[in-house]
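Here the structure comes first, spelled out in structure tokens, and everything after it is commentary.
What follows is calculated from the coordinates using simple rules that are stated; it is not laboratory data. Bear in mind the structure is a predicted one, so any value in this text is a computation, not a measurement. All Cβ positions, even for glycine, are placed from backbone atoms using ideal geometry, and neighbour counts span all protein chains on display.
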Amino acid sequence: MKKIAIFTSGGDAPGMNAAIRAAVRTAKYYDIESYGVQNGYQGMIEGRIKKLDTGNVGNILQRGGTILKTARSEEFRTVEGRKKAYQNLRAFDIDGCVAIGGNGTYTGANVFTDEYNIPFIGVPGTIDNDIYGTNFSIGFDTAINTAIEAIDKIRDTADSHNRLFFIEVMGRHSGYIALYTGIGSGAGTIFLPEADNSIEHLMEQLEKSARRNKLFNLVIVAEGNKNGGAIEIANKVNALNADYDSRVTIIGHLQRGGSPTCNDRVLATRLGNSAVEALRAGKNKIAVGIIDNKIEFTAFEEAISKENALNEDLIRMAEILAL
Ligand code: F6P
């Protein structure tokens, strides 16, 4: 292993820079040259590949986003696109890649490594925490801390006016962000893509709380919810009972930026380091993860076909505490 390429792909996540830094520094330690591919798979197709030295990754550990930029590439889904990407990697004599991203990133890497003989190691980076093969993905901890800070502020104003707030957090297919921020903020109800929440049940909860004079002013909604986003759910509730003085807040991309928490920095550093160690050890078509605080590897095939399921105990606990 003489030259490796590192790239970030899909949605950015705080801590990706820490993973890039760790990969470059680990490579340097073993006298391996590092190259950065700009804009993920799209940049690979367009040949946007530049040498990365330790100087390029100085002072980035604490920065959100990704210095390599990121993208979602439609062209990489095509045979021609992947061929161009391969030719570009070959032109730089790249003999291994570190792919930092989510499910789409692993899927691309899986197809590519079926077709071409350049090993890829995946590093889980997404705020959604929806990747199988690791307890936590890079960016999740920062995202929930950013969201909780916003939710605490909303709670102050909700409480002062006796208002009911519907707060939408990210997570297209996964309720991780909603579940953690819901528990962390003491929300009355959490609408999860994985659970069978109904508007009727929410109405019952609201009425029960009102009878008991219990403060119930936060409903956390995961964007990928079956009942719709926060606006839709608020409208449904108000259509059934117009007495609730309700408001909606969508936290949106705010929760994807910002300086990574210490947990995310440490996680990303361990994963970035292990990815390079794995390439050196001759591994291919696998993603690195941390399970029960130990580095573990999962084949791309398995990682993309399984879900990082929510902990049922946490869902049950949140329901009990909402009573
Ligand atoms: O996958 C990460 C994520 O932030 C999701 O939570 C969200 O649904 C999506 O990306 C948003 O994507 P985009 O930034 O392309 O709008």
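Over the stretch 123-195, what relative contact order in percent results from Cα pairs under 8 Å that are six or more residues apart? Walk me through the intermediate numbers first.
Numbers: 77 pairs, mean separation 21.7, N = 73.
The normalised contact order for the stretch 123-195 reaches 30 percent.
Count charges around LYS285 for me, please; just the other residues with Cβ under 11 Å from its Cβ, Lys/Arg as +1, Asp/Glu as -1.
Counting the neighbours of LYS285, the net charge comes to -2.
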From the residues THR261, ALA299, ALA281, which one has its Cα farthest along the dipole of the stretch 260-319 in the positive direction, the dipole being from +1 and -1 charges on Cβ of Lys/Arg and Asp/Glu about the Cα centre?
ALA281
What do you get for GluC sites (Glu not before Pro) in the stretch 32-134 restricted to DSSP loop and a cutoff of at most 11 other Cβ within 10 Å of the site's Cβ?
GLU74
About its Cα centre, how strong a charge dipole does the chain have in debye, to the nearest 20, once Lys and Arg get +1 and Asp and Glu get -1 at the Cβ?
1040
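Find the relative contact order for the chain and round it to a whole percent, using C-alpha pairs within less than 8 Å whose residues are 6+ positions apart.
The value is 24 percent.
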Cross-link partners among lysines for LYS83, C-alpha distance below 20 Å, same-chain residues fewer than 8 apart left out?
LYS3, LYS50, LYS285
Euclidean distance between Cα centres, the stretch 107-186 to the stretch 245-323, Å:
8
Out of ALA281, ALA195, ALA268, a Gaussian network model of the chain with alpha-carbon springs under 10 Å gives the largest mean-square fluctuation to ALA281
Based solely on its DSSP helices, what 222 nm [θ] is calculated for the chain when runs of n ≥ 4 H residues each add -39,500 (n - 2.57) and the sum is averaged over all residues, nearest 500 deg cm²/dmol?
-13500 deg cm²/dmol
Between ASP243 and THR78, what length in nm is gained on full extension when 0.36 nm per residue of separation is reduced by their alpha carbon distance?
54.0 nm
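If you stretched the chain out fully between GLN62 and ILE250, how much longer would it get, using 0.36 nm times the residue separation minus the C-alpha to C-alpha distance?
Numbers: separation 188, 0.36 × 188 = 67.68 nm, distance 2.59 nm.
Full extension of this stretch gives 65.1 nm more.
Could the peptides 15-28, 232-245 be put in order, highest first, of the mean number of other beta-carbon atoms found within 10 Å of their residues?
15-28, 232-245
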Between GLU302 and SER198, with labels modelled 7 Å along Cα→Cβ, what's the label distance in nm to one decimal, could you check?
3.9
Say each of ASP93 and MET1 gets a label point 7 Å from the Cα, pointing the same way as Cα to Cβ; how far apart are those two points in nm?
1.8
Assigning unit charges at the beta carbon (Lys, Arg +1; Asp, Glu -1) and nothing else, what dipole magnitude in debye, to the nearest 20, does the stretch 143-256 show about its Cα centre?
100
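Determine the sum of side-chain charges near LYS226: Lys and Arg each +1, Asp and Glu each -1, restricted to other residues whose C-beta is under 15 angstrom from that of LYS226. Before the final figure, lay out the partial values.
On the way: positive: ARG172, LYS236; negative: GLU168, GLU194, ASP196, GLU200, GLU223, GLU232.
Combined, the nearby Lys, Arg, Asp and Glu give -4.
Just check the stretch 73-121 against the gyration tensor rule for me: Cα atoms, a ≥ b ≥ c as the square roots of the eigenvalues, rounded for a/c under 1.5, and otherwise prolate or oblate depending on whether a/b exceeds b/c.
Details: a/c = 1.75, a/b = 1.16, b/c = 1.50.
Oblate, since a/c reaches 1.5 and b/c is not below a/b.
Pull out a ≥ b ≥ c, the square roots of the eigenvalues of the alpha-carbon gyration tensor of the stretch 28-72, then state rounded if a/c is under 1.5, prolate if not and a/b is larger than b/c, and oblate in the remaining case.
On the way: a/c = 2.86, a/b = 1.25, b/c = 2.28.
Oblate, because a/c is 1.5 or more while a/b does not exceed b/c.
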What lysines sit close enough to LYS236 to cross-link, taking a C-alpha to C-alpha distance under 30 Å and skipping anything fewer than 8 places away on the same chain?
LYS153, LYS208, LYS214, LYS226
Computed about the Cα centre, the charge dipole of the stretch 164-323 from +1 Lys/Arg and -1 Asp/Glu charges at the Cβ has a magnitude in debye, to the nearest 20, of 460
Ranked from highest to lowest mean number of other Cβ atoms within 10 Å per residue, what is the order of the peptides 48-54, 284-290?
284-290, 48-54
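Quick check on the stretch 143-256: take the gyration tensor over C-alpha atoms, sort the square-rooted eigenvalues as a ≥ b ≥ c, and tell me if it's rounded (a/c under 1.5), prolate or oblate. Please list the in-between numbers first.
Numbers: a/c = 1.71, a/b = 1.26, b/c = 1.35.
The shape class here is oblate.
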